1. At a Förster distance of 41 Å, what's the computed FRET efficiency of residue 138 paired with residue 89, Cβ-Cβ distance as r, to 0.05?
2. What do you get for Rg/Rh over the stretch 154-234 if you use C-alpha atoms and the Kirkwood form of Rh?
3. Considering every Cα-Cα pair within the stretch 313-361, what fraction, in whole percent, is farther apart than 17 Å?
4. Test of understanding: what is the full-extension gain from residue 339 to residue 70, defined as 0.36 nm times their sequence separation minus their Cα-Cα distance?
5. Using modelled amide H (1.01 Å from N, peptide plane; none on Pro or chain starts), what sits under 5 Å from the amide H of residue 12, excluding residues fewer than 5 places away?
6. Skipping prolines and chain starts, which residues have an amide H placed within reach, meaning under 5 Å, of the one on residue 108, given they are 5 or more residues away or on another chain?
7. Residue by residue through the stretch 74-91, what is 3J(HN,Hα) from phi via Karplus (6.51 cos²θ - 1.76 cosθ + 1.60, θ = phi - 60°)? Round to whole Hz and write x for glycine and proline.
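Bear in mind these aren't lab numbers, they're just calculated from the coordinates by the rules spelled out. Everything numeric in this text was worked out from a predicted model, so none of it was measured. Every residue, glycine among them, receives a Cβ derived from its backbone with ideal geometry; neighbour counts consider all protein chains shown.
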Amino acid sequence: MLKVLHLADTHIGTRQYGLAERRADFSAAFLQAVELAISEGVRAVVHAGDLFDSRNPSTEDLRDTLMALVRLHEAGIPFLGVVGNHEQKRGVQWLDLFAALGLAVHLGREPYDLDGAQLFGLDYSGRRAVELELPRLQGGVLVAHQMLDRIDLARGELKFSHLLKACRDSGVEIVLLGDYHEHRSWLEEGLLVTYPGSTERWRASERDPRGVSLIDLETKRLERRELRTRRFVYIDSGSASASHEGLLADLAAHDLAGAVVCIYFSDGGRLQELEEEALRRGALAVQFLHRATPPGGKELPGLEEAPELERELEPSALEELLAQKLAELDLSPRGRAIDSIIRDERVPDSNVDPEVSKLLEG
Ligand SMILES: [Mn+2]
């Protein structure tokens with residue numbers, strides 16, 4: 001029995017709907033997971049990235065996080081992590097800072113031995129092909145912040161992507177992932193691949209209960225533990241022809257006190273009236289979700305971006321989009337030249353100032 005607590009996408013610092021209460025909720029969910037790890041007596045907490053919502057967390061966010069990490073440290077439970085896309089900095093990562101304080105381990109290519117289990121880590125690497133280059137091992141564990149193919153996620157099937165093939169080739173038997181905000185698990189031919197989901201609702205569409213996973217690394221047995229999170233009330237008649245009166249009646253039928261109220265509406269709804277009614281009934285915040293399918297197809301739960309955004313774009317398409325946006329900015333020739341220096345990968349950051357000065361002098 002080698003039980004670990006697997007979590008990811010805690011997004012500490014998310015000030016959802018601009019509310020201090022929601023910022024505190026995300027910290028509270030993380031602390032709850034830490035308390036659960038202690039009461040369950042796990043051997044380690046494994047965080048698969050997006051600990052923070054941004055690369056510049058506030059002092060409040062850092063305080064909350066450090067207090068939770070110290071709590072784990074005092075309980076003798078190591079905190080093992082990788083870096084997600086939301087918090088990734090160019091140089092030293094927050095996780096490296098916590099590691100320097102003895103409060104965390106930044107998993108990487110060097111194996112971390114946990115009672116005989118070898119753990120490796122892979123920080124978020126975008127769309128670049130993943131080079132694993134792991135030593136050939138028996139029953140290794142890989143922790144990564146990576147999105148598997150979204151179509152396969154939608155079908156609930158596991159397609160062996162480049163990453164998973166590399167895992168198989170190097171003898172990894174357990175892949176603990178982060179990035180997708182819904183809990184998913186596959187156990188196929190001895191390979192366990194799993195996402196724990198987010199710990200608080202980062203988007204209103206994350207309707208399932210939030211939680212963490214307890215995993216026995218020896219048997220690959222996985223158990224779920226739900227977290228107590230902010231109540232979300234979904235006002236969803238399931239019909240596009242929901243009348244204004246029908247939605248009002250629906251609001252009246254629910255306890256809205258302290259809840260985030262999500263109202264699915266169709267065109268023609270009197271939104272301000274609905275919002276005022278929900279707030280009058282004690283709602284913390286009101287969110288409107290349009291019933292129409294977003295462009296690009298069916299919305300999948302748990303994805304951080306709308307389907308048509310960045311993640312779907314190939315590098316060439318990104319360049320095109322960038323050129324288009326720059327054209328919209330209507331920069332002067334000089335402005336354009338400065339921009340190209342800043343974005344030129346061959347010019348290191350420290351040389352940007354001198355290069356720009358040279359250009360302006362010339
Ligand atoms: Mn995330």
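1. The pair residue 138/residue 89 has a calculated efficiency of 0.75.
2. 1.02
3. Numbers: 506 of 1176 pairs.
Considering the stretch 313-361, 43 percent of its Cα-Cα pairs are separated by more than 17 Å.
4. Between residue 339 and residue 70, full extension yields 92.5 nm more.
5. 52, 53
6. 121
7. 5, 7, x, 10, x, 9, 10, x, 10, 9, x, 5, 5, 9, 5, 9, 6, x
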